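K.L.:
Structure provided below as structure tokens; questions to follow.
Just so it is clear, none of the values below were taken in a lab; they were calculated from the coordinates. Please read these numbers as outputs of a predicted model, since none were measured by experiment. Cβ atoms come from the backbone with ideal geometry, glycine included; neighbour counts cover every protein chain shown.
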Ligand SMILES: Cc1cc2nc3c(=O)[nH]c(=O)nc-3n(C[C@H](O)[C@H](O)[C@H](O)COP(=O)(O)OP(=O)(O)OC[C@H]3O[C@@H](n4cnc5c(N)ncnc54)[C@H](O)[C@@H]3O)c2cc1C
């Protein structure tokens, strides 16, 4: 179990300003956390800073799937799917407490009880190939289901159109908790991590970048800087100034949460979007179900992408075409919006090519930038990045140690809190399965700095039921205030900030903002 002291923000900040590091990672999303873990386990002295909370960027806003990417097979990207599925398997092995297998249903809708044989053949061919490229290692093969079997998994599937279905397996994880756990595992191996520490400029020794300077003026000395800032990567490269920016092309994707009685899915379901060539996922999550995602080119502010009324309408059109119960925007009880950090590659003509590749580049001043990729492939991205860094440094283990490295598991510590104080076993937010102990443990040991850290990322209460979470916020702030040293005024300010954030999210959900027409939406899942 982790030593809580190694994950204390104030203590870590003091070390960042006074020690020299082999590697400084900028960005505490899954990519940066993965790089910090790889570096620390290769025996290097590593620091990581994020301008906000861990996973506060894209890494808390994904579809939360750990997957091979079934659709890449249709593009004959066998090697890529093989690699993704190998990473999926490693995550299932190394973090079984965070990553779980999840069955997916592909309903086949037809006319008069028949479905075109040729299309069914294409599906079964792709699924057989998915199994062969490594999918089978999850312990289940794909299979074809009858209409009656399929309807058991989602009883509201349109009986008039449903003909049959396929069932296959992938996996899922709570993205923000996975990122946090990777960062805490890195801390266990010696990484020094601090949140709410924005890098304002890069530190130079001669022509080389050797560390960074935070907004508050603190200077962090490091022999190599890794830029793992996702959609902010261009910004750090501009601070470097020695190379052309990588040209990130952000693509927005949103999800909405609805109560499971509206969409009673027992397993994940893939449904097509009418009038578009895309499909979306319907994924049961605790007491609710979420639908997503969209995929729109984005040129708005990258700090806070929002889920708009048009996004909601797009997702609901898909579920309403596939099921009998009508889901309206009034049924939406949570939303999240994220930006894919796609690398605009001059050599690629197809935008779909951009989504799945990652790239590692080194600027003339020595900044190593890692961009693109997926949640699923964070470990391989970190390995590739650290191979480059170790070469530059001339020290550190040449080979990664993360292929079989177990991620931290401290669930027992939370149970121990409840055993010591049964009142902490009470629900944190009425209707959700989180306990008060989850918030208290987060405040004590998970580098919480704001109330939103607890309600949006340590727990995912905000995503699962926004209104109920806002109502519970004052009591939760009071509960964790002693551990965080918050005065009554500070706790009230935290509640006000959290409430304002939730209100802005709700306003956006009802606002119509011009977005590209459906036909302009690109093809990435
Ligand atoms: C809608 C959507 C659905 C997705 N679904 C899936 C999925 O189901 N499965 C999957 O495998 N992948 C999925 N992805 C992709 C995956 O989420 C991303 O590839 C991954 O989260 C990117 O992580 P990252 O660490 O590179 O970026 P981020 O998580 O954005 O991290 C970058 C960090 O850098 C920090 N930062 C920026 N500037 C500074 C600075 N100046 N100083 C300090 N810190 C700074 C930011 O605060 C941020 O925390 C999805 C993506 C989207 C958008």
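K.L.:
Taking the Cα atoms only, what angle lies between the long axis of helix 117-132 and the longest principal axis of the chain, rounded to 10 degrees?
P.N.:
Approximately 30 degrees, to the nearest 10.
K.L.:
On to the next question. Order by neighbour count: 445, 235, fewest other Cβ atoms within 10 Å first, most last.
P.N.:
By the 10 Å Cβ count, ascending, the order reads 235, 445.
K.L.:
Pop out the Kirkwood hydrodynamic radius of region 116-166 from its pairwise C-alpha distances, inverse of mean 1/r, in Å to one decimal.
P.N.:
12.1 Å
K.L.:
Quick one: check the C-alpha center-to-center distance for region 119-164 versus region 276-308, whole angstrom.
P.N.:
24 Å
K.L.:
Counting DSSP beta bridges with both partners in the chain, what percentage is antiparallel, nearest 5?
P.N.:
Beta bridges within the chain, antiparallel portion: roughly 80 percent.
K.L.:
For region 67-122, count all C-alpha to C-alpha pairs, find those more than 16 Å apart, and express that count as a whole percent of the total.
P.N.:
The proportion of pairs with Cα distances above 16 Å equals 60 percent.
K.L.:
So what's the convex hull volume per residue for the Cα atoms of region 1-134, in Å³?
P.N.:
159 Å³
K.L.:
So, one more: Just to compare against my own numbers: the Cα pair-distance distribution for region 10-76, 5 Å bins, whole % per bin, please.
P.N.:
Percent of pairs per bin, in order: 3, 15, 19, 18, 15, 11, 8, 6, 2, 2, 0.
K.L.:
Follow-up. Counting pairs of Cα atoms in region 365-451, how many percent are more than 17 Å apart?
P.N.:
The calculated P(r) of region 365-451 puts 66 percent of pairs beyond 17 Å.
K.L.:
Distance between the C-alpha centers of region 193-249 and region 41-100? Whole Å please.
P.N.:
If we compute the Cα centre of each part, the gap is 24 Å.
K.L.:
Okay, moving on. What's the Cα-based Rg to Rh of region 383-525, Rh via Kirkwood?
P.N.:
Taking Rg over the Kirkwood Rh, I get 1.13.
K.L.:
If I fit a long axis through the Cα atoms of helix 309-322 and take the longest principal axis of the Cα atoms of the chain, what angle between them do I get, 0 to 90°, rounded to 10?
P.N.:
40 degrees
K.L.:
Ignoring everything except DSSP H segments at least 4 long, calculate the 222 nm mean residue ellipticity for the chain; use -39,500 (n - 2.57) per segment, divide by total residues, nearest 500.
P.N.:
Calculated at 222 nm, the ellipticity per residue is -11000 deg cm²/dmol.
K.L.:
Based on C-alpha coordinates, I'd like the Rg and Dmax of region 109-207, in Å.
P.N.:
Rg and Dmax of region 109-207, Cα atoms, are 23.7, 74 Å.
K.L.:
For region 184-307, what D do you get in µm² per second when you plug the Kirkwood radius from alpha-carbon pairs into Stokes-Einstein at 20 °C and 1.002 mPa s?
P.N.:
The calculation lands on 116 µm²/s.
K.L.:
What do you get for Rg/Rh of region 245-390 when both radii come from the Cα atoms and Rh is the Kirkwood radius?
P.N.:
Over the Cα atoms of region 245-390, Rg/Rh equals 1.05.
K.L.:
With the calculation restricted to Cα positions, what are the radius of gyration and Dmax of region 277-339 in angstrom?
P.N.:
Just the Cα atoms of region 277-339 yield Rg and Dmax of 12.4, 38 Å.
K.L.:
Return the Rg/Rh ratio of the chain with Cα-based radii and a Kirkwood Rh.
P.N.:
0.96
K.L.:
Mind pulling the angle between the C-alpha long axis of helix 78-94 and the longest principal axis of the chain? Nearest 10 degrees, somewhere in 0 to 90.
P.N.:
For 78-94 against the chain, the angle is about 70 degrees.
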